[in-house]
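Worksheet: the structure to be examined is printed underneath.
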Amino acid sequence: MKSAKKTPILLLALVVAFACAVVALPGSTSGAPIARPAPAFFGIAPQTPLTGRDVQYMRAGGIGSVRLPFLWHMIQSTPQRSYDWSSVDPAMETISRNGLRVLPFLFGTPGWLAGKEQTMPIDSGRARSAWVAFVKAAVKRYGPGGDFWAERAVGGVGPNYLPVISRPLPIKAWQVWNEANFFYFAFPVSPSRYARLLKLTQPAIKSVDRRAEVILSGLFGNPDESGRRGMDATEFLDRLYAVPGIKSRFEAIALHPYAFHVDDFEELTEQIREVAIENRDPRARLYITEMGWGSQNDPHIVAFEQGIQGQVRELRGTYRYLLANRARLNLKGTYWFSWKDLQDSCNFCDSVGLFKAGAAFRPKPSWRAFVAITGGRMRP
């Protein structure tokens, strides 16, 4: 804050300006005001297709970014070097047209290269070449000056008769794979294999957009599995840092600190930051690219389901901690998983949303708590 003469009018103006710049989070024990970050700090990781109305609710609620999967096995299902972006374009259009940014994660090896989507494309020259080409194509399409934006150019109807996006929001950050320390998304789990993938991916991204931010795979905090099927996030990251030259291949670390309660969440987050410090990488940015609790009351069956009020309690506690410590953690963004409940999915996906399942907008108490934190509105 700049200095000023302490006349009564100026002093009052300063007090008002300061009050507008800070927010006391619900349930804060100290009551100390915490500066509210930019909207892009508050992200969402949806598990259902998004409509324009979904994104309008997000924007009203103070959400500024959406995390989306870019599934290579769907985009390039055959060996021909052609890409079908139909699984991405509609979401990109809906999200960007409503003024939100997209954080993509690149994942999923096609069947013509590997028997499983979880197998990283590093074991043959063909796989490596195809992955690099895919990564470059994605950045060329959705990055600054990309084809996607040119097709929806400002100033009239685009060349393919597509509605104009008057304010393009090109992708500026790319996340490499998803939960590389957990067999559900990577098998075998191996920091050295992931390092090889990263060494392929980072130059491919930078060759198209040298200013792009490269973000590590979101690491599952403490997987139940071990060995080739799972590894704690801290151990995985520490082993990754041991690979010579790897620090030059990314700008940011990402974590998925799913936990029983807020205290466990805090411990996971502090530990991952400590690994970066111990490996002499204090400038590494941190993103929480998934976090969440379910609203069903099944903590003895699924630890992440804490009931309706438990979801509110954990949500408030985690955001209070993250906002209060974001400068020290070098935390740049958070993504709640998820937007709406999804029946017959993972063991807590059916209740982890801020809204109930379905096309209608039936908010849970957690949505009201979230909006109170972001400073947004309950509805458009």
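Check Glu290, Glu266 and return the single one that is buried (at least 17 other Cβ atoms within 10 Å of the Cβ) and touching an Asp or Glu at 6+ places or on another chain (Cβ under 9 Å). If you could, list the steps in order and put the result at the bottom.
Details: Glu266 fails: touching an Asp or Glu at 6+ places or on another chain (Cβ under 9 Å).
Going through Glu290, Glu266 in turn, the sole match is Glu290.
What number goes with the only condition from (1) within 23 Å of the chain's Cα centre (by Cα); (2) at pLDDT below 95 that Met120 does not pass?
Only one criterion is unmet by Met120, namely (2).
Starting from region 283-300, take each residue that is under 13 Å from Glu213 (Cβ atoms) and list its partners that are at pLDDT 95 or above and of a type in the set (Asp, Glu), counting only C-beta distances under 9 angstrom and pairs at least six apart or across chains.
Here the result reads Arg283/Glu251; Ala284/Glu251; Arg285/Glu213; Arg285/Glu251, each pair linking region 283-300 to a residue that is at pLDDT 95 or above and of a type in the set (Asp, Glu).
Just give me the residues in region 338-380 being closer than 19 Å to Pro37 by Cβ and either at pLDDT below 95 or not in a loop (DSSP other than H, G, I, E, B) (or both), in sequence order.
Across region 338-380, the qualifying residues are Ala369, Phe370, Val371, Ala372, Ile373, Thr374.
Go through region 95-126 residue by residue and tally those that are touching a residue at least 40 places away in the same chain (Cβ under 8 Å), surrounded by 17 or more Cβ atoms within 10 Å (Cβ to Cβ), closer than 16 Å to Trp177 by Cα and not β-branched (Val, Ile, Thr).
9
Taking region 86-113, which residues are β-branched (Val, Ile, Thr) and within 16 Å of Val139 (Cα to Cα)?
Of region 86-113, the ones β-branched (Val, Ile, Thr) are 88, 94-95, 102, 109.
Of everything in region 86-113, those that are β-branched (Val, Ile, Thr) and within 16 Å of Val139 (Cα to Cα) turn out to be Val88, Val102.
Given the criterion surrounded by fewer than 17 Cβ atoms within 10 Å (Cβ to Cβ) and β-branched (Val, Ile, Thr), identify the matching residue among Ile277, Ile272, Ile215, Ile246.
Working: Ile272 fails: surrounded by fewer than 17 Cβ atoms within 10 Å (Cβ to Cβ); Ile215 fails: surrounded by fewer than 17 Cβ atoms within 10 Å (Cβ to Cβ); Ile246 fails: surrounded by fewer than 17 Cβ atoms within 10 Å (Cβ to Cβ).
Checking each option against the conditions leaves just Ile277.
Before we move on, is Asp232 of a type in the set (D, E, K, R), over 15 Å from Ala252 (Cα atoms), surrounded by fewer than 21 Cβ atoms within 10 Å (Cβ to Cβ) and at pLDDT 95 or above? I'd like the intermediate steps shown before the answer.
Details: of a type in the set (D, E, K, R): yes; over 15 Å from Ala252 (Cα atoms): yes; surrounded by fewer than 21 Cβ atoms within 10 Å (Cβ to Cβ): yes; at pLDDT 95 or above: yes.
The answer is yes for Asp232.
Taking the residues in region 178-191 that are buried (at least 22 other Cβ atoms within 10 Å of the Cβ) and either in a loop (DSSP other than H, G, I, E, B) or among the small types (Gly, Ala, Ser) (or both) as candidates, determine which candidate is farthest from the chain's Cα centre (by Cα).
Applying the first criterion (buried (at least 22 other Cβ atoms within 10 Å of the Cβ)) to region 178-191 yields 178-182, 186, 189.
So of that shortlist, the ones also either in a loop (DSSP other than H, G, I, E, B) or among the small types (Gly, Ala, Ser) (or both) come out as 179-181, 186, 189.
Numbers: Glu179: 12, Ala180: 15, Asn181: 17, Ala186: 18, Val189: 21 Å.
Step by step, filter region 178-191, then rank; the result is Val189.
Do you know which residues across region 127-149 are more than 16 Å from Ile205 (Cα to Cα) and touching a residue at least 60 places away in the same chain (Cβ under 8 Å)? First the steps, then the outcome.
First, the residues of region 127-149 that are more than 16 Å from Ile205 (Cα to Cα): 127, 148-149.
Across region 127-149, the qualifying residue is only Phe148.
Test Tyr194 against the criterion of being of a type outside the set (Gly, Ala, Ser), surrounded by fewer than 17 Cβ atoms within 10 Å (Cβ to Cβ), touching a strand residue (DSSP E or B) at 6+ places or on another chain (Cβ under 9 Å) and closer than 29 Å to Val102 by Cβ, and give yes or no.
no
I'd like the residue in region 301-337 that is part of a strand (DSSP E or B) and either of a type in the set (Phe, Trp, Tyr) or without any contact (Cβ under 8 Å) to a residue 40 or more places away in the chain (or both) and, out of all such residues, is nearest to Ser65 (Cα to Cα). Working first, answer last.
First pass over region 301-337, keeping only residues part of a strand (DSSP E or B): 305, 331-336.
Within this subset, residues satisfying the condition of being either of a type in the set (Phe, Trp, Tyr) or without any contact (Cβ under 8 Å) to a residue 40 or more places away in the chain (or both) are 335-336.
Details: Tyr335: 8, Trp336: 11 Å.
The selected residue is Tyr335.
Considering only region 204-240, how many residues are free of Cβ contacts under 8 Å to residues at least 60 places away in the same chain, closer than 30 Å to Pro144 by Cβ and assigned to a helix (DSSP H, G or I)?
The number of residues fulfilling the criteria is 3.
Scan region 55-94 residue by residue and report those that are without any contact (Cβ under 8 Å) to a residue 60 or more places away in the chain, in a helix (DSSP H, G or I) and closer than 30 Å to Val371 by Cα.
Val55, Ser87, Asp89, Pro90, Ala91, Met92, Thr94
Any residue that is crowded, with 17+ Cβ neighbours inside 10 Å, aliphatic (A, V, I, L, M) and within 27 Å of Ser65 (Cβ to Cβ) - is there at least one of those in region 144-164?
no
Residues in region 16-54 that are in a loop (DSSP other than H, G, I, E, B), surrounded by fewer than 13 Cβ atoms within 10 Å (Cβ to Cβ), modelled with pLDDT of 50 or more and of a type outside the set (A, V, I, L, M, F, W, C): how many?
Selection size over region 16-54: 3.
When you check Val352 against the structure, is it surrounded by 17 or more Cβ atoms within 10 Å (Cβ to Cβ) and more than 20 Å from the chain's Cα centre (by Cα), yes or no?
On the way: surrounded by 17 or more Cβ atoms within 10 Å (Cβ to Cβ): yes; more than 20 Å from the chain's Cα centre (by Cα): no.
In short, no.
Which residue is nearest to the chain's Cα centre (by Cα), if the candidates are limited to region 329-349 and must be surrounded by 18 or more Cβ atoms within 10 Å (Cβ to Cβ) and over 25 Å from Leu286 (Cβ atoms)?
Ranking the qualifying residues of region 329-349, first place goes to Lys340.
In this structure, is Lys172 under 30 Å from Asn98 (Cα atoms), within 19 Å of the chain's Cα centre (by Cα) and basic (Lys, Arg)? Full working, then the answer.
Working: under 30 Å from Asn98 (Cα atoms): yes; within 19 Å of the chain's Cα centre (by Cα): yes; basic (Lys, Arg): yes.
So Lys172 fits the description; yes.
Which of the following residues is in contact with a helix residue (DSSP H, G or I) (Cβ under 9 Å, 6 or more places away or on another chain) and among the hydroxyl-bearing types (Ser, Thr, Tyr): Ser82, Ser87, Ser77?
Working: Ser82 fails: in contact with a helix residue (DSSP H, G or I) (Cβ under 9 Å, 6 or more places away or on another chain); Ser77 fails: in contact with a helix residue (DSSP H, G or I) (Cβ under 9 Å, 6 or more places away or on another chain).
Just one listed residue meets the conditions, Ser87.
The values are calculated or read from the model by the stated rules, or taken from the named source; none is laboratory data. What you see is a predicted model; the values in this text were computed from it and never measured. All Cβ positions, even for glycine, are placed from backbone atoms using ideal geometry, and neighbour counts span all protein chains on display.
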